[in-house]
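*Asks:* Just dropping this structure here.
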Amino acid sequence: MKQIPMQCVRAGAVRVLLALILGLLVVSGYVAPPILFAKAASTHEAGRLAGEIFHVVNLGIIFMAVAVAAFWLRMRQVSRLNWGVLIVLAALAGINEFGVAPILAELKLAAGPIDQLADGDPLKARFGMWHGVSAVIHLISTLLALFLLLAGAHRGGRCDAQRQLGEQGEQGEQES
């Protein structure tokens with residue numbers, strides 16, 4: 001029985017991590033919120049639950065990006081573009097978690113239920129602006145994660161070459 005090369009194991013782990021990051025972004029940003037706002041007792045409660053989900057997702061993305069970076073350091077054949085995209089993706093999750101989310105929480109605390117504020121209320125306008133900033137950051141993060149997954153950022157280069165060499169070696173052994 002042949003042992004799977006560590007390069008292939010690392011590439012597979014990176015592929016799974018990138019798929020998880022993309023899945024977290026898609027589900028938290030585009031699947032869960034419409035369901036929450038349709039089913040929750042109030043928009044205030046739906047927003048609170050969505051905020052909790054985003055908190056977990058942002059932290060998860062940051063930790064998984066660190067794990068991808070750790071694997072990439074061992075793979076040594078990752079493009080600078082992929083490194084840059086991963087760093088920006090992790091930074092955007094950090095900005096949403098540690099920059100934008102506290103502002104939104106502060107505005108909700110000061111205003112109470114946002115949906116009960118008058119349309120011209122400056123707190124409602126500020127909340128809407130920061131909510132929009134957060135949504136744009138989330139969209140960009142989703143596109144960056146999709147890019148990393150589709151660009152083959154999980155490949156270490158050598159894994160496919162090792163597999164092909166292994167298959168050629170097996171064929172040569174069979175022919176002799």
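The values are calculated or read from the model by the stated rules, or taken from the named source; none is laboratory data. This structure is a prediction, so every number in the text was calculated from the model and none was measured. Heads up, the Cβs are rebuilt from the backbone with ideal geometry, glycines too, and the neighbour counts pull from every protein chain shown.
*Asks:* Can you tell me which of V85, V78, V57 is out of contact with any Cys (no Cβ under 6 Å at 6 or more places or on another chain), surrounded by 16 or more Cβ atoms within 10 Å (Cβ to Cβ) and not in a helix (DSSP H, G or I)?
*Replies:* V78
*Asks:* Then there is this: Assess whether L20 counts as being in contact (Cβ under 8 Å) with a residue 12 or more places away in the chain, in contact with an Asp or Glu (Cβ under 9 Å, 6 or more places away or on another chain), hydrophobic (A, V, I, L, M, F, W, C) and part of a helix (DSSP H, G or I).
*Replies:* Numbers: in contact (Cβ under 8 Å) with a residue 12 or more places away in the chain: yes; in contact with an Asp or Glu (Cβ under 9 Å, 6 or more places away or on another chain): no; hydrophobic (A, V, I, L, M, F, W, C): yes; part of a helix (DSSP H, G or I): yes.
No: the conditions fail for L20.
*Asks:* Another question, then. Under 6 Å between Cβ atoms, which residue pairs at least 6 apart in sequence (or on different chains) link something in the stretch 81-98 that is touching a residue at least 40 places away in the same chain (Cβ under 8 Å) with a partner that is surrounded by fewer than 16 Cβ atoms within 10 Å (Cβ to Cβ) and among the basic types (K, R)?
*Replies:* From the stretch 81-98, no pairs qualify.
*Asks:* When you go through G166, G94, G172 one by one, which is the residue that is farther than 30 Å from C8 by Cβ and either at pLDDT below 85 or in a helix (DSSP H, G or I) (or both)? Outline the logic, then answer.
*Replies:* Details: G166 fails: farther than 30 Å from C8 by Cβ; G172 fails: farther than 30 Å from C8 by Cβ.
Only one candidate passes the filter, namely G94.
*Asks:* List pairs: first residue in the stretch 105-128 and loosely packed, with under 15 Cβ neighbours inside 10 Å, second residue of a type in the set (S, T, N, Q) anywhere in the structure, Cβ distance under 8 angstrom, at least six positions apart or on different chains.
*Replies:* P113/S42; P113/T43; D115/S42; D115/T43
Rundown of residues vs (1) more than 17 Å from the chain's Cα centre (by Cα); (2) among the acidic types (D, E), yes/no style:
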residue	(1), (2)
P5	yes, no
V9	yes, no
L20	no, no
Y30	no, no
E45	yes, yes
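*Asks:* Collect the residues in the stretch 36-50 that are part of a helix (DSSP H, G or I) and over 25 Å from L18 (Cβ atoms), keeping them in residue-number order.
*Replies:* Kept after step one, since they are part of a helix (DSSP H, G or I), are these residues of the stretch 36-50: 36-39, 43-50.
Once the filter is applied, which keeps residues that are part of a helix (DSSP H, G or I) and over 25 Å from L18 (Cβ atoms), the stretch 36-50 yields L36, F37, A38, K39, T43, H44, E45, A46, G47, R48, L49.
*Asks:* Sticking with this one: Among the residues of the stretch 1-44 satisfying the criterion of being charged (D, E, K, R) and surrounded by 14 or more Cβ atoms within 10 Å (Cβ to Cβ), which is modelled with the highest pLDDT?
*Replies:* R15
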